[in-house]
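Structure first, then comments.
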Amino acid sequence: MKTATLYDGTIKVAISDAHHYSVDFTDAKPDGVTTILGLVPKHLLRWVANTNYDAMLNRYVARMESGDPFDDTWFRAALLESKGAYTQNRDTAGDIGSVVHAFAEECIHLAGDPDFDEHVAQLMPEDKRAQAAATAFLTWLAGTKIRPIATERIVFSKRLFYAGTCDLFGQTPDGRYCVVDFKTGSGFYEDQCLQVAAYGEALEEELRGIEIIDSWIIHLDKQTGKMKPYYIEITKELKKDWEAVRIAWRAIKRNQVRHKEIRNAAKGTAHD
C-alpha cells in the first residue's frame, strides 16, 4: 500500500495494491479518476469483439494446419476459450503498462546520473512489447524540457471527493506547472483529456495558488517503439466537463443502489 500526506500534512491518502483509494478522515472511499472515466466511451465493445474474433480465427487456422478433424467438441471448446480472450489480453496489457510505468519512474529519477545508460540497460524489461514502450519513453525523456517535481503523484480533491495518481507533475522551462500521463494502450482516447483535467484540478485545490493549464498525454507504442505526444490545454470548459462527469458518476451509482433496492423489494411480489 502506498500513502501520501497532502494538504499541508492534514490529510493522508492511501492506495491499495488493488488500486482502491482511502482517506484517513472518513470511512467513505473516494472514487478513482479512471473508475469515474469508465462512463466515457473508449470503443471497448469493438475491441472485445475483434479480440475474441482473432482468438477464434487463430484456433481455426491452427486446427487446419494440424490436420486434426473439426467436431462438435472442438468447436464448443474453441468458442468457450475465445469468449474470454479479451480478458487475457486486457490483463496482459495492464501488466505491460505497470512495468513500463515503473521503468519510466526510475528513469526520471536517474536523469542526469553519469551512469544513466548502464542503469537503463539493467532496468530494461524483458517482454518485447514492454521494451518497445520503454524505448518510446526514453525518446520522450531525451527530448523533454519539463522539470519533474514528483512522479506517481497521488492527488485528492476534498471538494469533489475523488483521488488518482498522476504519472508526472512538473514545470515547463518558463516555470508553468504541468501534468503528464504516459499511455501504453492502442491509442489516444477521449477520456484522457478529462483525466489530466482531473489531476490538474485536484493539484490546484490542494496546493492553492498554483494554476495548471499545460498537460500532455504521451503515447508509448508497444508495437513500433515510437512516441507521440498529445498536448491538452486544461481550460475552464474542460474542468467543467470533468466535474459534470464526476457528478454524473455519483448519480449513476445512486441509481444502481436504487435499482437494486427496488428489484429486491419486488422479489416474491405477486403480479397481476
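The values are calculated or read from the model by the stated rules, or taken from the named source; none is laboratory data. The structure displayed is predicted, hence computed values, not measured ones. With ideal geometry, Cβ positions are generated from the backbone for all residues, glycine too; neighbour counts draw on all protein chains shown.
Total residues in region 57-85 satisfying the condition of being in contact with a Ser or Thr (Cβ under 8 Å, 6 or more places away or on another chain) and under 21 Å from Ser186 (Cα atoms): the figure is 1. With respect to the conditions (1) modelled with pLDDT of 90 or more; (2) β-branched (Val, Ile, Thr); (3) in a helix (DSSP H, G or I), Thr26 lacks only one, and its number is (3).
Of all residues in region 199-235, those satisfying the criterion of being without any contact (Cβ under 8 Å) to a residue 40 or more places away in the chain, β-branched (Val, Ile, Thr) and closer than 18 Å to Pro173 by Cβ are Ile210, Ile212, Ile213.
Of the residues that make up region 233-245, is at least one part of a strand (DSSP E or B) and not aromatic (Phe, Trp, Tyr)? Within region 233-245, one or more residues are part of a strand (DSSP E or B) and not aromatic (Phe, Trp, Tyr).
Within region 155-172, the set of residues being among the aliphatic types (A, V, I, L, M) and crowded, with 21+ Cβ neighbours inside 10 Å comprises Val155, Ala163, Leu168. From (1) at pLDDT 95 or above; (2) crowded, with 21+ Cβ neighbours inside 10 Å; (3) closer than 25 Å to Pro125 by Cβ; (4) β-branched (Val, Ile, Thr), pick out the condition that doesn't hold for Thr184. It fails just one condition, (1).
Filtering Arg153, Arg129 for residues that are in contact with a helix residue (DSSP H, G or I) (Cβ under 9 Å, 6 or more places away or on another chain), within 16 Å of Gly185 (Cα to Cα) and of a type in the set (Lys, Arg) leaves a single hit, Arg129. Of all the residues in region 1-19, those that are in a loop (DSSP other than H, G, I, E, B) and closer than 12 Å to Gly164 by Cβ number 1.
Taking each residue of region 115-129 that is closer than 17 Å to Gln223 by Cβ and looking for partners that are assigned to a loop (DSSP other than H, G, I, E, B) and at pLDDT below 95 with beta-carbon atoms closer than 6 Å, six or more apart or interchain, yields Arg129/Lys222. Any residue at all in region 88-95 that is modelled with pLDDT under 75, on the phi < 0 side of the Ramachandran plot and over 15 Å from the mean Cα position of the chain (by Cα)? Looking through region 88-95, at least one residue is modelled with pLDDT under 75, on the phi < 0 side of the Ramachandran plot and over 15 Å from the mean Cα position of the chain (by Cα). Of the residues Ala111, Ala163, Ala142, Ala121, the single one that is within 21 Å of the chain's Cα centre (by Cα) and small (Gly, Ala, Ser) is Ala163. For Lys260, the stated conditions do not hold, so it cannot be described as at pLDDT 95 or above, part of a helix (DSSP H, G or I) and surrounded by fewer than 21 Cβ atoms within 10 Å (Cβ to Cβ). Note on region 29-53: residues that are out of contact with any Ser or Thr (no Cβ under 7 Å at 6 or more places or on another chain) and at pLDDT 75 or above total 10.
When the test is whether a residue is surrounded by 17 or more Cβ atoms within 10 Å (Cβ to Cβ), farther than 23 Å from Gly38 by Cα and either polar (S, T, N, Q) or touching a Lys or Arg at 6+ places or on another chain (Cβ under 8 Å) (or both), Asp221 does not pass it.
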